[in-house]
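Where a number appears in this text, it was derived from the coordinates with a stated rule and is not lab data. Bear in mind that the values here come from a model prediction, so they are computed numbers and not experimental data. Counting neighbours? That spans all protein chains shown, and the Cβs are built from the backbone with ideal geometry, glycine included.
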Amino acid sequence: MSLNNRYSYGWRDRRQGTGSRPFPKRPGARGASLFFWAGAVLGAVLLLFFAGTWIYGMIGPGERGHPDPPAPGAPSAGKGPQSPEAFALDELDWSSAQLSDHFVLDHNGSSMTVESTLDPGLQNYITDLLGRSQTLQAAVVVVRPDDGRVLAMVSYDKNGNGDELCLKADFPAASLFKIVAAAAALETAGFTPQKPVYYNGRKYTLYKQQLKQQHNRYTRELPFMKAFGLSINPVFGKLGIYHLGRERMTACAEKFHFNEAIPFDLPLQKSVVEVPSHEFGLAEIATGFNKMTRISPLHAALLAATVANDGIMMKPWLIKRVFGENGELLYQNEPESLGAAMTRHTAQDMKTLMQSTVTSGTCRRTFWKIRRKNCFRGVEMGAKTGTINDRTDRFKYDWLTAFVLGPDREKAICLSVMGVHGKRLGIRANMLGRYIIDHYFSS
């Protein structure tokens, strides 16, 4: 006999011994009991859950054994890309950097792998070319006009100085500033590429006598585009005095980001211009025939790039991506516009002016050979040159800035070349530029 049967038997036996009937069996009584106890248990669990949640929220993160949450804007602990605000490029140590398409930098004792926008073949070619240029110093910057990426950035110093000349605004802009003056004339003074202009005397001098509004049998007439292509100083001197003035010239220079810091991945010096109010000073500024207007080679390349990009100046950038020691993506760059320096229509007219430099101006002879090559069929080329001595007349600064646009825009570059010469002239900037353009489009 089982234990349960024995208890059941004794209970019934006792009930019978009292002479009373057993309790009648109620249908569902056992189910109701189970339901009652299940509800009680569930209520207790819910009570404990809500009480525990309230207590957990009252305890600080540090007391729970977990780190405090990151402050707003702090780098994420994940491996996804961080914004430029989260990872500061200016904290990287560039002192030992050897610029290439991939290189390694130090950051707080850790090694960061940098992927750049540089074209290794083009970078190496220019490095070798400047080493044979017979200049005292030289700098070349090549950029894409549509997005601002830097394809090459090379500095050369005969004495082995390691300074990055491409980022220094220590060099007189010379006639490169005629780009700014011409854009101001086209946009604010009613000029067109075909507008007749006049000058007396020689092309490359700037005497007060040449700035008078006079017409005589010695006066020469030519279209504005040809005066730009030949870089005729008296024409631009009178333009500054009689058509532009201080306010217009200053406003246009600021649109081209003179006197303003241009954001870049590496420290870039600010290009400067100070437009005076007196007449001869206005003439000097408009022609670039002064030694106070100063520009960096990188900024010089952006002048041509802005014309080629329909008047929009793109932010220059060199760093594409940065990876940490474990391969996590820390930084990724994106193209960014710096705003419009001129309207699209003005940019088209400026292209015409700069193309005149190549077809009938100061670059005509230098660029003639490459313009005849099959690989340059349908390619648009425009340029501006500039030459000026330093304050002591010991050194000559020599400039070229140019755009070269393929028919499908697949190959499109803008470049600046700056050379510093002593008593003996090395290879001129326009010739160095021709070699670089020929190499890029022929390879």
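Summary of the geometry: the range 222-248 and the range 101-125, compared by the centres of their Cα atoms, lie 43 Å apart.
Other residues with beta-carbon under 12 Å from the beta-carbon of Lys195 carry, at +1 per Lys or Arg and -1 per Asp or Glu, a net charge of -1.
Extension gain, Trp368 to Tyr242, is 41.8 nm, computed as 0.36 nm per intervening residue step minus the present C-alpha separation. Summed over all non-identical Cα pairs, the Kirkwood treatment of the range 114-238 gives a radius of 17.8 Å.
Coordinate range of the alpha-carbon atoms in the range 233-380 per principal axis, descending: 62, 44, 28 Å. You can think of it this way: the chain between Asp128 and Lys423 has 103.9 nm of extra reach, that is 0.36 nm per residue less the Cα-Cα gap. All distinct Cα pairs of the range 195-271 go into the 1/r average, and the inverse of that average, the Kirkwood radius, is 14.4 Å. Across the alpha-carbon set of the range 330-443, the Rg to Rh ratio works out to 1.03, Rh being the Kirkwood radius.
Expressed as a fraction of 2.2 N^0.38 Å, the value expected for a compact globular protein of N residues, the C-alpha radius of gyration of the range 120-192 is 1.43. Taking 20 Å as the straight-line reach from the Cα of Lys238, the lysines in range (excluding those fewer than 8 positions away in the same chain) are Lys178, Lys195, Lys203, Lys208, Lys212, Lys226, Lys291, Lys384. For the range 266-337, taking Cα atoms only, Rg and Dmax work out to 18.2, 62 Å respectively.
Computed from label points 7 Å out along Cα-Cβ, the spacing between Asn159 and Lys270 is 2.9 nm.
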